[in-house]
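See below for the structure under consideration.
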Amino acid sequence: MLVSGNEILSKANQEGYGVGAFNFVNFEMLKSIFETAHEVSSPLIIQASEGAIKYMGLESVVGMVRIFASQYPHIPVALHLDHGTSFESCKRAIEAGFTSVMIDASHHCFDENLAMSKQVVKYAHSFGVSVEAELGRLQGIEDNISVDEKDATLVNPQEAEIFVRETQVDFLAPAIGTSHGAFKFKGEPKLDFERLQEVKRLTNIPLVLHGASAIPQNVAQSFLESGGDLKGSKGVPFEFLQEAIRGGINKINTDTDLRIAFIAEVRKVANANNSEFDLRKFFTPAMDAVKAVIKERMQLLGSANKI
Ligand code: G3H
Ligand code: 13P
Ligand code: ZN
């Protein structure tokens, strides 16, 4: 059943577990996400970026999610706009049927971010749609970063308190040292957990970890075996994801891990038989690989068996 993001995340916040928010760009990714949630009895946050919406078409995104949601009526599902860049983008998504949106004005100054987020909240809440916003910049923190540099990049907990009170956003993504993609850290992985705990203490709402892919060893290895190159890739270690949840994170944004797992299998089929052209021969093992990643993640984050 399609529900607001709030319905899923306030329960996760109260009970202290994490829910993976999985990105999709096609039918195969979406099917894998739903089938796994069904298998392990997990609530679902499905997200589409503006790029994904442009690729699939807004109506197709909503239509596909609604159809799967009706096939699995016992699964609470939120359809979330990932990194909405403007009020108009959020409005279009809400009108089309999204039940949760992110307004990402984090690259603007604090006041502008606050004003844009407030405008989206006012509109979204009148439709029962939940809103996520972001504070700070997504950027890996390096070993020798100074306190000043850290303060300039990462979330400021006092600002977070004011921001949440003024905007009434439902969820906040505080920058604590993650970044998108497969190359998150130059040296050892490092996140600012103290800062996270302070944001949680001062806001007490569900928090979101962007750039939360882990690039597990087996997934990277499979990509490598397929002939892919991921030299120097580094994700967020599983223990960090668990510590982040203990520090107040409830929504764990995950895209890169699914992409890597999917494409590795497609390339293996292509390599093994260069006269193959039945799409299902490529996508069936790709979906199985994605499902294995999602299943392991739902169990790790604690959303399995929560419905
Ligand atoms: O946050 C970024 C997500 O991985 C979506 O990426 O804009 O390439 O669809 P995208
Ligand atoms: P990853 O690139 O780590 O999967 O992060 C995805 C994300 O943050 C989507 O908003
Ligand atoms: Zn993100």
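Bear in mind these aren't lab numbers, they're just calculated from the coordinates by the rules spelled out. All figures in this text were calculated on a predicted structure; none of them were measured in a lab. Glycine also receives a Cβ, built like all others from the backbone with ideal geometry; neighbour counts cover every protein chain displayed.
Some values worked out for this structure:
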| quantity | calculated |
| --- | --- |
| Estimated 222 nm signal from helices in the chain, with DSSP H stretches of n ≥ 4 weighted -39500 (n - 2.57), rounded to 500 | -16000 deg cm²/dmol |
| Summed side-chain charge close to G247 - residues other than G247 whose Cβ falls under 12 Å, Lys, Arg +1, Asp, Glu -1 | 0 |
| Under-5 Å amide H pairs with L135, H placed in peptide plane, nonlocal only | A173, A175 |
| Ranked packing of 145-154, 33-42, most packed first, by mean Cβ within 10 Å | 33-42, 145-154 |
| Amide H contacts of S49 (H built 1.01 Å from N, under 5 Å, at least 5 apart or other chain) | F24, D82 |
| Separation between Cα centres of the range 175-249 and the range 119-157, rounded to whole Å | 16 Å |
| Peptide ranges 126-134, 82-90 listed from the most packed, as the mean C-beta count within 10 angstrom indicates | 126-134, 82-90 |
| Karplus (6.51, -1.76, 1.60) ³J(HN,Hα), θ = phi - 60°, over the range 278-291, in Hz, Gly and Pro reported as x | 7, 3, 5, 5, 7, 7, 5, x, 5, 5, 4, 5, 5, 4 |
| Tail fraction, Cα-Cα pairs, the range 35-173, threshold 21 Å, whole percent | 49 percent |
| Sequence-distant residues sharing a close amide H with F183 (under 5 Å, placed H) | K234 |
| Tensor-based shape of the range 205-275 (alpha-carbon gyration tensor, a/c under 1.5 rounded, otherwise prolate or oblate) | prolate |
| Three semi-axes of the equivalent ellipsoid, the chain, Cα gyration tensor, whole Å, largest first | 30, 24, 17 |
| Protection proxy ranking of 113-122, 232-241, 257-266 - average other beta-carbon atoms within 10 Å, highest first | 257-266, 113-122, 232-241 |
| Calculated from backbone phi, Karplus (6.51, -1.76, 1.60) coupling profile of the range 101-111 in Hz, x at Gly/Pro | 9, 10, 9, 9, 10, 5, 7, 8, 5, 3, 5 |
| ³J(HN,Hα) computed for each position of the range 82-95 - Karplus, 6.51 cos²θ - 1.76 cosθ + 1.60, integer Hz, glycine/proline x | 8, 6, x, 9, 8, 4, 4, 4, 5, 4, 4, 5, 5, 4 |
| Local electrostatic count at G16 - Lys and Arg +1, Asp and Glu -1, tallied over other residues with Cβ under 14 Å | +3 |
| Inter-centroid distance (Cα atoms) of the range 269-307 relative to the range 55-78, Å | 19 Å |
| Value of D in µm² per second that Stokes-Einstein yields for the range 1-117, Kirkwood Rh from Cα pairs, at 4 °C (1.567 mPa s) | 88 µm²/s |
